[in-house]
Amino acid sequence: MLEAVDRFDLRCEDFLAIIDGSEMDVREIRAPSLEYLDLYCERRAVAVSRIALRILGATWPDCQRLAAALGRAMQLTGILRDLTQDAARQRLYLPRELLCAHGIFATIPSHVLAQPALPRACNALAERAAAHFAEAERAIVARPRLAMLAATAMLSTYGTLFEALLARGWTRLEKPVRIPAWHQKLLRVGHSLIGR
């Protein structure tokens, strides 16, 4: 481990952030504030993205921008995909500000998922995810293509899942979304890295 840290100039604070993010997951999360959700994304996905990009050779300073955007896009997509699974574990990652803005004041996950206004709250979170996808794409385009292959693959895979979620919508959450098999394999890699 120490050899990898030295070889790729990995930062200790990123590993500590991942541990902190895992500790956040141990606690019951129900309709967190936007600020708390962003901190959760930073720790659970952005820190992992920073480490992965460094290992893959993307070390220029503006890779922080790519890691931030890609990590948040992936994490928010996972949250939108896993609404029913999280609710079964008494978890709800949809932020309270977006729920309240659409007239949903409950925090019990099963109650929230039964609300007629749920699709509007999910669309509001999806807009945030879309902005992160767009930012990640801009950051990738600004760099040499070869150095961005892995980041491009993750962006494409999670982007495909995101588009499938948007197409399915938020009224039939039990209906699985279908994506190509090779995207599914990359999703499993992403899931193992960021827990989503």
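Throughout, read-outs are computed from the coordinates displayed, never taken from laboratory work. These numbers were taken from a predicted model, which means no experiment stands behind them. Because the Cβ atoms are built from the backbone with ideal geometry, glycine has one as well, and the counts that use them run over all protein chains shown.
Sorting the segments 109-120, 39-50, 67-78, 89-100 by their residues' average number of neighbouring beta-carbon atoms within 10 angstrom, most packed first, yields 67-78, 39-50, 89-100, 109-120.
Compared with the dominant principal axis of the Cα atoms in the chain, helix 12-26 is inclined by about 20°.
With respect to the chain, whose longest principal axis is taken over its alpha-carbon atoms, helix 63-81 is tilted by about 30°.
Under a 5 Å amide H cut-off, with hydrogens placed 1.01 Å from N, Arg30 pairs with Leu92 among residues at least 5 apart or on other chains.
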